[in-house]
1. Can you report the number of residues in the stretch 34-69 which are more than 15 Å from the chain's Cα centre (by Cα) and either loosely packed, with under 13 Cβ neighbours inside 10 Å or aromatic (Phe, Trp, Tyr) (or both)?
2. So which residues in the stretch 78-109 are out of contact with any Asp or Glu (no Cβ under 6 Å at 6 or more places or on another chain), under 16 Å from Val54 (Cβ atoms) and of a type in the set (S, T, N, Q)?
3. Need pairs with beta-carbon distance below 9 Å; first residue within 16 Å of Val113 (Cα to Cα) and within the stretch 15-29, second part of a strand (DSSP E or B) and of a type in the set (Asp, Glu); sequence gap 6+ or separate chains.
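Since every read-out is calculated from the coordinates, none of them should be taken as a lab result. Quick caveat: nothing in here was measured; it's all calculated off a predicted structure. Cβ placement follows ideal geometry from the backbone for every residue including glycine, while neighbour counts extend to all protein chains displayed.
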Amino acid sequence: MKHISFKQGTLDSLALDKESFDVVLGLNILHLIKDLDGSVSKVYELLKPGGVFVSSTELIGEIHFFLRLIIPLMQVLNLAPYVNVFNLQAYKSSLARAGFTIEYEWQLNSHAVFLIVKKAG
C-alpha cells in the first residue's frame, strides 16, 4: 500500500504538514488533553479540505457527581491521570469553533460519545 502511511505520536511531538491528512483518529484520548480547543483546531489544520476526524471520548462532565469528586483524590495519590472535565455540548462547541460539521453522532451511554466530523471541502 504505497498511498497509505501511519504515524503515531502526539499533535505536538510530530512534525506534521498542514492539510496533509484525509482522516485523523482520536480514540479515547480527548478527555486526557488539557487544551481541547487547541487540539481540535490542530486536527482541523492537519486535515485536507473534506477531511474527516473520527473521535470517541469520555464526557467527564456528564459522569456522576460523586465520581467527579473522587478523581482529584485519585490524582493526588497518582492513581489517575489529568482529566479534562467537559460535557457533550462543550465538545460540540469546540468542534464548531474549529470549523467542523458533525456527520455522525452515537452515544452508548450519557458519558461517552463517538463522533465523525468533517472539515469543509
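1. So the count comes out to 7.
2. Those that are out of contact with any Asp or Glu (no Cβ under 6 Å at 6 or more places or on another chain), under 16 Å from Val54 (Cβ atoms) and of a type in the set (S, T, N, Q): Thr101, Gln107.
3. Sorted first by the residue in the stretch 15-29, then by its partner, the pairs are Asn28/Glu58.
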